[in-house]
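A short worksheet on the structure shown next.
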Amino acid sequence: MKLTFYGHATFGLEIDGKKLLFDPFITPNPAAKDIDINSLKPDYILISHGHGDHMADLEAIQKDSGAQVICIVEIAQWLANNKGITNTTGMNFGGAFNFDFGRVKMVYALHTSSMPDGSYGGVPVGFIITANGKKIYYAGDTALTYEMKLLADEGIDWAILPIGDFYTMGTDDAIKAAGFVNCRNIIGMHYDTFPPIAIDKEAAREKFIKAGLNLHLPAIGESIDL
């Protein structure tokens, strides 16, 4: 499996030729100006919640690629009613489903959510992807929560966690979250996009090292083999 960072909370995950895209926010992000959204062509787009900095490019990428959108049921309904996007799988907390690339489980995230037009967008979620004998936890936007302890026996190999603070948990709580979900390999997200979430990357790495954890902060456009 190959994971590619596209800035903020946007990642591509390639599994046996199938392409997944998480929370597409690329064109409004100056740091991701070199990423051409028309080249991504995902088979699936996973949406954690309705805020604009997680779905700004959803409509354009979905209509260009025909990707299936995996999201909470209220967002699926909103996409059908407001954007004419009906190729969706609307799930809810605790639910899991087998796709042609692997299994997706929808899990709890502690944050807020509304759609770009201000309408109700359900609640934020995270995802556990199971494929090729590995499990990847995409936390989405979240605070530290005891609900994460319920994931400790999932056997998570990689956890993608927000570390930017202010809108989500910061590095200290992300370290606690890694312990809660029992995962040593962490990929940071949701940092450096806006002034309130700017971080000292070297200081963050040092904190994770001292905690016995591996923090990966790939450059925009960089890929990691999982």
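So which residues in the stretch 30-71 are in a loop (DSSP other than H, G, I, E, B) and within 19 Å of Thr142 (Cβ to Cβ)?
Once the filter is applied, which keeps residues that are in a loop (DSSP other than H, G, I, E, B) and within 19 Å of Thr142 (Cβ to Cβ), the stretch 30-71 yields Ile47, Ser48, His49, Gly50, His51.
Residues of the stretch 189-212 being open to solvent by less than 60 Å² (accessible area, probe 1.4 Å) and over 19 Å from Ala143 (Cβ atoms), which ones?
Passing the criteria: Ala203, Gly212.
Cβ contacts < 7 Å: first residue within 15 Å of Leu161 (Cβ to Cβ) and assigned to a strand (DSSP E or B), restricted to the stretch 1-20; second residue among the hydroxyl-bearing types (Ser, Thr, Tyr) and open to solvent by 10 Å² or more (accessible area, probe 1.4 Å), any location; separation 6+ or different chain. Result?
Leu3/Ser223; Phe11/Thr4
Which ones in the stretch 72-98 are closer than 22 Å to Ile61 by Cβ and in a loop (DSSP other than H, G, I, E, B)?
Those that are closer than 22 Å to Ile61 by Cβ and in a loop (DSSP other than H, G, I, E, B): Gly84, Ile85, Thr86, Asn87.
So Phe101 ticks every box in (1) in a strand (DSSP E or B); (2) more than 19 Å from Ala9 (Cα to Cα) but one. Which box is left unticked?
Every condition holds for Phe101 apart from (1).
Check Leu110 against each of (1) farther than 24 Å from Met55 by Cα; (2) of a type in the set (A, V, I, L, M, F, W, C); (3) open to solvent by 60 Å² or more (accessible area, probe 1.4 Å); (4) in a loop (DSSP other than H, G, I, E, B) and name the one condition it does not meet.
(1)
Filter the stretch 2-49 for residues that are of a type in the set (Ser, Thr, Tyr) and open to solvent by 10 Å² or more (accessible area, probe 1.4 Å) and give the result.
Those that are of a type in the set (Ser, Thr, Tyr) and open to solvent by 10 Å² or more (accessible area, probe 1.4 Å): Thr4, Tyr6, Thr27, Ser39, Tyr44.
Regarding Ile75, is this residue surrounded by 15 or more Cβ atoms within 10 Å (Cβ to Cβ) and in contact with a helix residue (DSSP H, G or I) (Cβ under 6 Å, 6 or more places away or on another chain)?
Judged against the criteria, Ile75 is not a match.
Of all residues in the stretch 159-188, how many are open to solvent by 30 Å² or more (accessible area, probe 1.4 Å) and either of a type in the set (A, V, I, L, M, F, W, C) or part of a helix (DSSP H, G or I) (or both)?
7
In this structure, does Ala56 turn out to be among the aliphatic types (A, V, I, L, M) and loosely packed, with under 15 Cβ neighbours inside 10 Å?
no
Restricting attention to the stretch 189-202, and to residues there that are part of a helix (DSSP H, G or I) and touching a residue at least 12 places away in the same chain (Cβ under 8 Å), which single residue is nearest to the chain's Cα centre (by Cα)?
If we take residues in the stretch 189-202 being part of a helix (DSSP H, G or I) and touching a residue at least 12 places away in the same chain (Cβ under 8 Å), then Ile197 is nearest to the chain's Cα centre (by Cα).
Residue-by-condition table, conditions (1) modelled with pLDDT under 95; (2) within 19 Å of Gly7 (Cβ to Cβ); (3) in contact with a Phe, Trp or Tyr (Cβ under 7 Å, 6 or more places away or on another chain); (4) of a type outside the set (A, V, I, L, M, F, W, C):
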position: Thr130; (1), (2), (3), (4): no, no, no, yes
position: Glu147; (1), (2), (3), (4): no, no, yes, yes
position: Ala152; (1), (2), (3), (4): no, no, yes, no
position: Leu161; (1), (2), (3), (4): no, yes, no, no
position: Phe180; (1), (2), (3), (4): no, no, no, no
position: Phe194; (1), (2), (3), (4): no, yes, no, no
position: Pro218; (1), (2), (3), (4): no, yes, yes, yes
position: Ser223; (1), (2), (3), (4): no, yes, no, yes
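The values are calculated or read from the model by the stated rules, or taken from the named source; none is laboratory data. Bear in mind that the values here come from a model prediction, so they are computed numbers and not experimental data. So basically every Cβ, Gly included, is an ideal-geometry build from the backbone, and we count neighbours across all protein chains shown. Each accessible area value is taken on the protein alone, full model and side chains, heavy atoms only, with ligands, DNA and RNA left out. Shrake-Rupley method; radii C 1.70, N 1.55, O 1.52, S 1.80 Å.
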